[in-house]
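Worksheet: the structure to be examined is printed underneath.
The values are calculated or read from the model by the stated rules, or taken from the named source; none is laboratory data. None of the values given here were measured: they were computed from a predicted structure. Here the Cβ is made from the backbone with ideal geometry for all residues, glycine too, and neighbour counts use every protein chain on show. SASA here: full protein model, heavy atoms, side chains in, ligands and nucleic acids out. Shrake-Rupley method; radii C 1.70, N 1.55, O 1.52, S 1.80 Å.
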Amino acid sequence: MMTGLLQLQAQKTDANVFGDVQSAGEHIPFANIRLKGTHIGTTTDETGHYMLTNLPVGKHVIVASLIGYSSEEIEIEAVEGKTIEVNFRLQEKEMHLNEVVVTGTKTFQRKTETPVIVNVLDRKSLIAVQACNLSEGLRFQPGLRVETDCQTCNYTQLRMNGLGGGYSQILINSRPIFSPLIGLYGMEQIPANMIECVEVVRGGGSALYGSSAIGGTVNIITRIPTQAQYSISNTVSSINNGAYDNMFNANVTMVSKKRNAGVLLFANKRNRQPYDHPGLTLLPDGSTKVEKDNYSELPEIRNNSFGGNLIYHPDGHQRIEANFASLYEYRYGGELIGKDKKAHMAMQSEERIHNILMGGIDYQNNFNDNSTLAVYAAGQHTCREHYTGIYPERSSFESDEAYAEAEKQHLADPPYGYTKNMTFQGGVQFNHRIENFFRSVNLISVGCEYVLDDVLDSIPQYNYGTNQISRNLGCFVQSDWKIVKQFSLLLGLRADKHNLVDHVIFSPRVSALYKLKEYTQFRLTWGTGFRAPQAFDADMHIAFAGGGVSRISLAPGLKEERSNSLSGSVNFDKPAEKYIFGFTVEGFYTRLQDAFYLHPVGQDTWGEQFEKRNGPGATVQGATIELRGNYKRKVQLETGFTIQKSLRDQAVENIEGLEAKREFLRSPNHYGYAILTFTPTRKINVALSGNYTGSMLLAKFSPDEEILPNEYRNSPSFFEMNARASYTFEMPSIDSGIELYAGVKNLTNRFQSDFDNYRNRDSNYVYGPALPRTVYIGIKMKSL
C-alpha cells in the first residue's frame with residue numbers, strides 16, 4: 001500500500017530520475033512513485049513533480065500510483081552519472097477494474113489477480129446514492145440486501161446470497177470487532193465520511209476469516225491520510241413532510257513534509273426527528289382504517305461520532321497504522337410523548353443509548369522483497385442503556401384494582417436494561433513469496449488470531465438476560481500459487497477452537513482463477529464454515545408482537561451450524577478508447593447442516609417466547625448478474641440482480657398453531673440495484689439509483705387474535721428510486737470548492753402501507769424501503 005514512501009540510498013551512483021505525474025492535463029500532488037520490487041520510492045510534491053536520486057545501476061520498472069487512479073509502469077535503465085526524465089499520465093478509475101484489494105486473500109492483490117471475487121463500494125458510489133451511513137451504502141452492492149426488521153427501533157441486518165444477518169461477517173479494517181451486539185444498530189452508526197471503501201466477498205469461500213462468514217464478508221476500510229485536504233458538509237432532509245433530518249460531516253487530513261506520517265480526523269453529527277406514517281387500525285368488525293396513530297415508524301435518532309486514522313513509516317520497510325472511533329447514539333421509537341417525559345411513560349416504546357469506543361493498531365515489517373510480518377490488535381467497548389416496554393392498559397385487566405396495582409408496579413420498577421459488551425482481537429500473520437516454486441510463484445501466508453467477545457445484557461423485570469462469553473482461537477495457512485500467467489490456485493485451511501464447541505473445527509478452502517487474455521476471468525470456489533451455538537444480533541433484539549414483548553432464548557444442547565458452499569463465476573471487462581463494458585455472472589450454492597431456526601414456545605406474562613433450535617438441513621442457491629459500463633468517463637452504469645431460493649429440507653413451525661413452512665422467512669427470491677451517474681464536466685454530477693425487492697414470506701402476529709388470527713403473508717414487490725444532482729463552484733485562489741447538491745430518496749414514495757397502528761402492533765412486520773419519500777439539500781466546502 002504505502003510501504004515505499006521513503007527513498008533508500010544504498011550508494012552514490014548519481015543515477016537520477018525526475019519528472020511529473022498528470023491526469024487529464026492537471027498535475028497530481030502526492031502520487032506514489034517507486035521502483036517495482038524494491039522499497040525505493042518517493043511521492044510527488046504539491047506541484048505534481050518528483051525526483052529519485054542515486055538509483056542502483058541497471059534496468060528497473062518505475063510505478064506511479066494513487067488511490068482513485070489506474071497505476072502506470074515505465075521501464076527505464078539507470079546509468080551511473082546520468083539523469084533522465086520520466087513522466088506519467090494516469091487515468092482516473094471509473095469502475096475499480098484493477099485496483100488493489102485485501103479482503104479476498106488476506107494479502108494485497110489486484111482485483112483481476114485474486115482467485116476470489118471482491119466487489120468494491122467506494123466513496124464515489126456512497127456520494128452518488130447520498131448514503132448517510134454504512135447501512136444505506138450496502139444496499140447498492142450485488143448479492144446484498146439490507147433490511148429493516150423493527151417498526152419501532154428500526155434495527156437493520158445484512159443479508160448476503162439469501163442468508164440472514166447472522167451469516168454475514170462485518171470487519172473494520174480486516175478485524176472482526178463488529179460484535180454480534182453491535183450488529184443490531186452498528187450499520188447505521190458507522191458514518192459514511194468515516195469510510196474509504198467497502199470490500200465485499202460473497203459466499204462461504206470467505207470462511208478463512210472464521211466463524212459467521214458463511215454468507216460472506218464485508219470489510220469496512222476507513223479513510224487513510226494520503227494528502228493534505230479537508231471537507232465540511234451539512235445536509236438537511238425532509239422526510240415525507242413529516243420530520244426533519246440534519247447531518248453534519250467534517251474531515252481533515254494532515255501529512256508530514258517527508259510524507260512518512262499522516263493523520264486523518266473525522267466528525268459526524270446527526271439529528272433526526274421521529275416520523276409517524278399512516279397505518280392500519282383494526283376495527284372491532286375486522287375491517288381496518290388508515291390513519292396516523294402518534295406512534296413512530298422511523299425513530300428519533302441523535303448521533304455524535306468522531307475518530308481518526310494515523311499512519312507512520314519509520315523507514316521504507318516498516319509501517320504503523322492506528323485507528324480509533326467514538327460512536328454515540330440516542331434512539332427512541334414508539335408513542336410520541338415529547339422530550340419532557342421518560343420512555344416508560346409511553347404506552348409502547350423502545351429507547352436505546354449507545355456509547356461505543358473502537359480502535360486498532362497494525363504493525364507491518366517488510367524484511368525484504370519477499371517476506372512480510374504483520375502484528376495487529378483491535379477492540380471495541382460498548383455501554384448501552386435501553387428500554388422496551390408497554391404501559392399497562394385498563395382493558396387488559398379484570399378490575400380497576402388489578403390495573404392500579406400493575407400501573408403502580410410499572411412506574412415503580414419500569415423495565416430498563418443495561419448492556420456491556422467488549423470485543424478484542426489480536427493476531428500475527430507472516431507472508432513469504434517463493435519466486436521459484438516449481439518454476440512459478442507462490443505466496444505462503446500463515447497466522448494465528450484470538451477473538452474474545454463478552455456481552456452482558458439484562459432486563460430483570462422481564463426475567464431476561466444474556467451473559468455470553470465467546471472465545472475463538474483460529475490458525476490458518478494459505479497458498480496463493482500462480483502456477484502460470486493465466487492460472488492461479490488458492491489453497492487455504494483454517495482451524496478454530498471455539499469455547500462453545502467441544503472440538504476443533506477445520507474449514508478448508510479452495511479457489512481457482514483462470515484468465516482468458518486480459519479481459520476475462522473464470523473463478524471456482526469451494527469452502528466450509530460454521531456458526532457457533534451462541535446468540536447473534538437478531539437474537540438480542542426484544543420486539544413487540546401479539547400485544548406483548550417477544551424474546552428469544554437458546555435451546556439446551558444447541559450445537560454449531562455447519563456449511564458447505566460452492567460458487568463459480570465468469571467476469572468480463574472490455575476497455576476501448578471511448579468506453580468500458582463489463583459483466584459478471586456468478587452461481588452460488590450453500591448447504592447448511594443443523595440450521596438454526598426460531599421455534600415458538602408459547603407465551604408468558606410479558607408476551608411471545610421463541611427458542612433458537614437446530615433444525616433440519618437447508619439449501620440456499622441462486623445466481624447474481626452484474627452489468628457495468630462507462631462511456632467517455634461521463635456516463636457510468638453499475639447494476640446487479642440476484643435470483644435465489646432458500647428452502648429447508650423439512651418444514652418448521654414459525655407461528656404456533658399455523659402450518660409449518662420450508663421457506664426462509666423474510667427472504668425474497670429476487671432483488672437488485674442500479675446506479676447511473678452522469679458527469680458532463682468536473683463541476684456537474686447527476687446520479688440516479690434504485691433498489692428492487694421481490695415478494696417475501698412474512699409471519700404476521702395479529703394485534704387482536706379474537707378479531708383477526710395470526711397468519712402468514714406475502715409482501716408485495718417494490719422498487720425504490722433515488723435522484724441526486726450537484727454543482728461545484730471552484731475557488732482556485734484558495735485551492736477549494738463549494739459544492740451545492742440536492743436530491744430525492746424513494747422518489748415514488750413506495751413505503752409500506754399496512755403497518756399495524758397503536759401499541760399492540762407487530763413491530764417485526766416490516767418489509768418495505770427504509771424511508772418514505774425524502775427530499776434533501778446540502779452544501780459542502782472541500783479541497784480541490
### Task
Whenever you get a sec, line up Val686, Val63 from highest to lowest accessible area (probe 1.4 Å, protein heavy atoms).
Val686, Val63
### Message
Run the numbers for Tyr230 and Lys683: contour at 0.36 nm per residue of separation, minus the present Cα-Cα distance, in nm.
### Response
161.3 nm
### Message
How tilted is helix 400-412 with respect to the longest principal axis of the chain? Cα atoms for both, answer in degrees (0 to 90, nearest 10).
### Response
30
### Task
Go through Gln380, Ala687, Ser717 and say which Cα lies farthest out towards the positive end of the charge dipole of the chain; charges sit on Cβ, +1 for Lys and Arg, -1 for Asp and Glu.
Ala687
### Message
Please report the carbon-and-sulfur percent of the accessible area for the chain; probe 1.4 Å, protein heavy atoms only, DNA, RNA and ligands left out.
### Response
56
### Task
Place a +1 charge on the Cβ of each Lys and Arg in region 21-168 and a -1 charge on the Cβ of each Asp and Glu, then give the dipole magnitude about the Cα centre in debye, rounded to the nearest 20.
500
### Task
Quote the relative contact order of the chain in percent (integer), defining contacts as alpha-carbon pairs under 8 Å separated by 6+ residues.
11
### Label-zone membership for region 472-487, site Ile444, 7 angstrom Cα→C-beta point, backbone N under 17 Å
476-483
### DSSP beta bridges in the chain [antiparallel fraction, %, rounded to 5]
95
### Task
Classify region 172-278 as rounded, prolate or oblate, taking a ≥ b ≥ c as the square roots of the eigenvalues of its Cα gyration tensor: rounded when a/c is under 1.5, otherwise prolate if a/b is larger than b/c and oblate if not.
oblate
### Task
Using a 1.4 Å probe and ignoring any ligands, DNA or RNA, find the accessible area of Tyr692 and quote it in Å² to the nearest 10.
70
### Summary
Quick shape summary for region 251-338, equivalent ellipsoid via Cα gyration tensor, semi-axes whole Å in descending order, reads 52, 12, 9
## Note on the structure
In debye to the nearest 20, the charge dipole size for region 336-416, taken about the Cα centre with +1 at each Lys and Arg Cβ and -1 at each Asp and Glu Cβ, equals 320
#### Entry: Viscosity 1.306 mPa s, 10 °C: Kirkwood-radius Stokes-Einstein D of region 486-531 over Cα pairs, µm²/s
127
## Note on the structure
So Asn271 and Phe108, fully extended at 0.36 nm per residue minus their Cα-Cα distance, gain in nm 54.8 nm
### Accessible area per residue, Å², the chain with all protein chains present, probe 1.4 Å
40
### Task
Give the residue from His60, Pro225, Ser179 lying farthest towards the positive end of the charge dipole for the chain; charges sit on Cβ (+1 for Lys and Arg, -1 for Asp and Glu) and the dipole is referred to the Cα centre.
His60
### Task
Run the dipole for the chain about the Cα centre, Lys and Arg Cβ at +1, Asp and Glu Cβ at -1, nothing else charged, and hand back the magnitude in debye, nearest 20.
2600
### Percent of Cα-Cα distances greater than 47 Å, calculated over the chain
21
### Message
If each DSSP helix of 4+ residues adds -39,500 (n - 2.57) and the sum is divided by the residues in the chain, what number results at 222 nm, nearest 500 deg cm²/dmol?
### Response
-1000 deg cm²/dmol
### Spacing of the two label points (7 Å from each Cα toward its C-beta) at Ala322 and Gln409, in nm
5.2
### Message
What distance in nm separates the two pseudo spin-label positions at Ser238 and Ala725, each 7 Å out from Cα along the beta-carbon direction?
### Response
1.7
### Query
If you line up the Cα atoms of region 296-434 on their principal axes, what length do they span on each, largest first, in Å?
82, 24, 24
### Message
Which one, Ala404, Ser667, Leu265, projects farthest toward the positive side of the charge dipole computed for the chain from Cβ point charges (K/R +1, D/E -1)?
### Response
Leu265
#### Entry: Potential lengthening between Leu637 and Glu401 on full extension [0.36 nm per residue; Cα-Cα distance subtracted]
78.3 nm
## Note on the structure
Simple spin-label estimate for Ser733/Glu46, 7 Å along Cα→Cβ, in nm, reads 1.7
### Task
Evaluate E = 1/(1 + (r/R0)^6) for Gln461 and Gln593, where r is the Cβ-Cβ distance and R0 equals 35 Å; express this FRET efficiency to the nearest 0.05.
0.35
